[in-house]
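The values are calculated or read from the model by the stated rules, or taken from the named source; none is laboratory data. Bear in mind the structure is a predicted one, so any value in this text is a computation, not a measurement. Don't worry about glycine lacking a Cβ; one is built from the backbone with ideal geometry, like all the others, and counts go over all protein chains shown. The accessibility values were calculated without ligands, DNA or RNA, using every heavy atom of the protein model including side chains. Shrake-Rupley method; radii C 1.70, N 1.55, O 1.52, S 1.80 Å.
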Amino acid sequence: MKQLKTLVYFFFLLIPNLASAAEDEFVRITSESQLTDSAVYLITCKDDTGYRNLKCQRYPNNRIDSILMFESTAAYASLPELKEHTLLFRMIRKDGHWLLRNTENERFVGEVNATVIQQQQYMNLFLHGKNADSKFFIGLEKNKKGTQILIGGKSLRYNMDAESFRLMAKGNTTMTYAELYCISGSKPAEALTLSQDRELGNQDFVGTVKFERVFESGYYNTLFLPFDVSHPQDAFGPGTTCYKPSSSTDSTVTFTKMGMNESLKANTPYLIHGTFSGAPYTFYNIDFRHQEADSVVETTLGPITIHGIYKLRKVGGSRAFILYQKGFYACTNLKSMTVEPYKWYLTCGQGNGSKLALLQIDGETLDIQGLRRDQPQGDLSVYTLQGIKTDGNWSRLPQGVYIQNGKKMVRR
């Protein structure tokens, strides 16, 4: 009986390990047709000591954060064991190309060459960036020796003497090919698309967010997001600048310029200005929750209240002020005006609206023109969806969808 109890005890000790081993299946990748968007992968090379791990290292005396080395510090007898001690990657399909994303810093891995850094031995360096060009494109190419992993057209190899991974010319006959394995038990990253045309609703999400939004380059745009953004310029474009509200008086609202890639906080109103990279704007490893009941979030700044929204908000005929290019405009006399999700508008305390006259942005003062009580000027012509210009008399138009000032308008 005692022996039976001992056997049962060891059986239950083994169950977690058996279950863990059964969860992951490691599939050797030898062609691009086997790749899965957003699935998890590991890179290794098997030598006499076992499967070599891969770790990120800073290059000595190099102050460029975007350039790293891939070193190997140990070997493991099996792939499941290796998985717990090596850097993992996700393969991303973007604009018709495969990209390799480092899960440690959420950057794409690319080739370093003499155009990137003036360094004699740059073959053991790897470029890491949020945006990708041809230096980052991934390929798989077979020959008599096996399958080469290509990064930017160079072959990924393992240098046994230096115990590191590096990129070599495809025709080079030295060093061993690196191997790519898909961890099939790993769940591909979830993807969520947010759009200024759709309300946010209830969300409990972890994964990649793609943000569809039309920004006006060269002008100030309001921005209100339900999650933190750690590197906004990486997502919106290096030519953009963010501003946060800092103070207000009866007559002035002040915004302060933020540092390059200073983090944006969830449910916080910002201005963003500059040249945008273009939608969709992609954010990785996002974890956020939102209740539909919280679709309007108010931030009080002195006599000013900023209303960040995640649903369409009708503000025509109200005491709201909306941003249009370089100024805020009153909605009091507007019969119809709707603010879209992921934007914000502001209201003033009773009796303060007529006093507000200045917008200060990083020390620059912009006159708000006495807050004209008419519709912001732009192309006010009304077009059908086929591009036919109408007579512009909104009240006489039949029901349907029209285009005015670059935006869709619904006539009911």
Of G129, L156, Y219, which is farthest along the charge dipole of the stretch 124-235 in the positive direction, counting Lys and Arg as +1 and Asp and Glu as -1 at C-beta?
-> L156
If Lys and Arg each add +1 and Asp and Glu each add -1, what is the summed charge of the other residues whose beta carbon sits under 10 Å from the beta carbon of E212?
-> +2
Share of the stretch 125-251's accessible area from carbon and sulfur, percent, 1.4 Å?
-> 47 percent
Dipole size in debye (nearest 20) for the stretch 199-340 around its Cα centre, Lys and Arg Cβ +1, Asp and Glu Cβ -1?
-> 440 debye
With x for Gly and Pro, the residue-by-residue ³J(HN,Hα) of the stretch 69-79, computed from phi through the Karplus equation 6.51 cos²θ - 1.76 cosθ + 1.60 at θ = phi - 60° and given in whole Hz, is 10, 10, 9, 10, 10, 6, 10, 10, 6, 9, 5
Going out from 0 in 10 Å bins, what whole percent of all Cα-Cα distances in the stretch 119-225 drops into each bin?
-> 10, 28, 24, 18, 15, 4
Sorting R166, R101, R313, R319 on solvent-accessible surface, 1.4 Å probe, most exposed first, gives R319, R313, R166, R101
HN-Hα couplings for the stretch 292-301 via Karplus (6.51, -1.76, 1.60; θ = phi - 60°), in whole Hz with x for Gly/Pro, come out as 4, 5, 9, 6, 10, 10, 9, 10, 8, 9
A279-T332 FRET efficiency (beta carbon distance; Förster radius 30 Å; 0.05 resolution) = 0.40
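If you take all C-alpha pairs in the stretch 239-283, what percent of them are over 14 Å apart?
Of all Cα-Cα pairs in the stretch 239-283, 59 percent lie more than 14 Å apart.
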Between S318 and L88, Cβ-based FRET efficiency (R0 41 Å, step 0.05) works out to 0.20
